[in-house]
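Data first, discussion second: the structure below is written as structure tokens.
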Amino acid sequence: MRRKISIFGATGSIGQSTLDLIGRAPEDYDVVALTGGGNVAQLAADALKFGADVAVIADEACLPELRAALAGSQTEATAGQAALLEAATRPADWVMSAIVGAAGLEPGLKALEQGATLALANKESLVTAGKLLMETAAKHGARVLPVDSEHSAVFQALVGEDMGAVERVIITASGGAFRDWPLERLAGASVDEASSHPNWDMGQRITIDSASMFNKALELIETREYFGISPAQIETIIHPQSLIHALVGFRDGALMAHLGPPDMRHAIGYALYWPKRQDLPVARLDLAQIAQLQFEAPDLARFPALRLARDVMEMRGGAGAAFNAAKEVALDAFLAREIGFMDMATVVEETLAALSKELTLSNPLETLADVLAMNHLARVRARSVISVRIKKT
Ligand code: NDP
């Protein structure tokens, strides 16, 4: 039976990898909605190729160009936030959430409300609104499947296991572009230097987040929210080869590791075909050639995002939304060359400290309105922290 699928963030790295898999068996799918942020050419090309019912571009100024590109086709062209949410209400069996940043949250919630299976690449959704997202899924009998490679790995290692037998989860980290850089050098790291990853080919924002380890920080929080285990049970280890994506330790001392090539089509494909496994066009590991797998403890002085993640996991409540919002604003400022590489963590830490003086960050965010309010407030506070830093320099 053909499955109805939608892809939010279709023009990005994860979206394109998802379409690559869909395109290998197009007869199995009816594509409902494809969305992009501002890349009209890619969105229109894919909407035509896959015969999507609707193509949505987030930037409303791009609508005339999208309409022109889709003229004469069966695909409807729409734009803006309301159109994104409308597309998420269109019945679909499987929805890929691959918009980058907190903007991915609302379409994901809407998809869950209509009972779709949500393949979640957008880690920011779980970090900002883990409780709301999982409760929405439960309320509507919908399912959230992890697509982040580490969480897909944990999910796979847990098949057939009892959560009560889990002692710990170990999330691996490649160490990003600056794994071996000394602290003194990190302060002067440029946007270009932070934008290339040694192992993974990803969007620019997540690549920089990997260099600062904010990406790993988000993943630790994501682990807490998705699997419901305590911060003390969640560890991270540097593993430069990026071949083991995560390990699960059980009470009998066994460690189940998930290995695979650094290719997101594995985790996407697992979520696409779950609970079955299908052939996937990913490289097979040659262990004899790899010969060695290395591990080292992360350095919290050089990567303070990991230390901040511990605080956020302990606090829960609104701390995740505040953390992510401050991180996104700090990343914008780094990309705009307003602040340095190490300043990003300082901005996030100072924003959390400022917010803690005004409110109790650990109070739960029950509704979408609560989440959006915290997201907004943290962005305003983070901008103030950045302005003060800019004035000082
Ligand atoms: P990209 O930057 O490559 O793509 C992001 C997508 O979101 C694009 O389609 C972009 O549109 C769209 N977009 C950007 N801003 C908005 C907005 N405000 N409203 C609507 N759409 C928007 O990111 P990735 O594919 O790398 O990452 C997507 C998500 O998956 C992130 O949450 C990331 O953390 C997560 N992830 C990514 C991995 C990877 O390997 N890339 C691995 C694990 C998780 P356009 O390009 O048209 O402007």
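Bear in mind that the values in this text are calculations on the coordinates, not laboratory data. Given the structure is predicted, the values throughout are model-derived calculations rather than measurements. Here the Cβ positions follow ideal geometry from the backbone for every residue, glycine too, while neighbour counts run over all protein chains shown.
Relative to the Cα centre, the charge distribution of the chain, modelled as +1 at Lys and Arg Cβ and -1 at Asp and Glu Cβ, gives a dipole magnitude of about 300 debye. According to the Cα-based calculation, Rg over Rh for segment 317-358 is 1.00, with Rh computed by the Kirkwood formula. Normalised by residue number, the volume inside the convex hull of the Cα atoms of segment 156-217 is 112 Å³ per residue. Against the empirical 2.2 N^0.38 Å (N residues), segment 118-189 has a Cα radius of gyration ratio of 1.50.
What does the charge count around residue 126 come to, taking other residues whose C-beta lies under 13 Å from its C-beta (Lys +1, Arg +1, Asp -1, Glu -1)? With Lys, Arg at +1 and Asp, Glu at -1, the net is -3.
Taking GluC sites (Glu not before Pro) across segment 335-393, the ones in a DSSP loop with at most 16 further Cβ atoms lying within 10 angstrom of their Cβ are 338, 366.
Histogrammed with a bin width of 10 Å, the alpha carbon distances of segment 113-272 distribute as 10, 38, 35, 14, 3, 0 percent, first bin at zero. Each of 48, 105 was scored by other Cβ atoms within 10 Å of its Cβ. Arranged with the fewest first, they read 48, 105. Peptides 286-298, 83-95 ordered by packing proxy, namely the average of other Cβ atoms within 10 Å per residue, highest first: 83-95, 286-298. Checked against a 27 Å cut-off, the cross-linked pairs 216/391; 123/391; 49/131; 131/357 give Cα-Cα distances beyond that limit for 216/391; 123/391; 49/131. In segment 1-95, the convex hull through the Cα atoms has an average projected area of 5.3 nm², a quarter of its surface area.
Working note: 222 nm ellipticity from helices only, DSSP H runs with n ≥ 4, each -39,500 (n - 2.57), summed and divided by the residues of the chain, gives -14500 deg cm²/dmol to the nearest 500.
Once Rh is set to the Kirkwood radius over Cα pairs, what Stokes-Einstein translational diffusion coefficient, in µm²/s, holds for segment 1-48 at a temperature of 10 °C and a viscosity of 1.306 mPa s? D, rounded to a whole number, is 148 µm²/s.
Our analysis of segment 15-150 gives Rg over Rh at 0.96, with the two radii drawn from alpha carbon positions and Rh computed by the Kirkwood formula. For segment 219-289, the fraction of C-alpha pairs farther apart than 19 angstrom is 49 percent. All alpha carbon pair distances within segment 241-372 were sorted into 5 Å bins beginning at 0; the resulting P(r) in whole percents reads 2, 8, 12, 13, 12, 15, 15, 13, 7, 3, 1, 0. For residue 144, the residues 5 or more places off, or on other chains, whose built amide H falls under 5 Å of its own are 118. Dimensions of the chain along the principal axes, based on C-alpha atoms and rounded to the nearest Å, stand at 57, 53, 40, largest first. Residue order for 328, 184, fewest other beta carbons within 10 angstrom first, comes to 184, 328. For residue 245, neighbours were defined as the other residues whose beta-carbon sits under 15 Å from its Cβ, and their charges (Lys and Arg +1, Asp and Glu -1) total -3.
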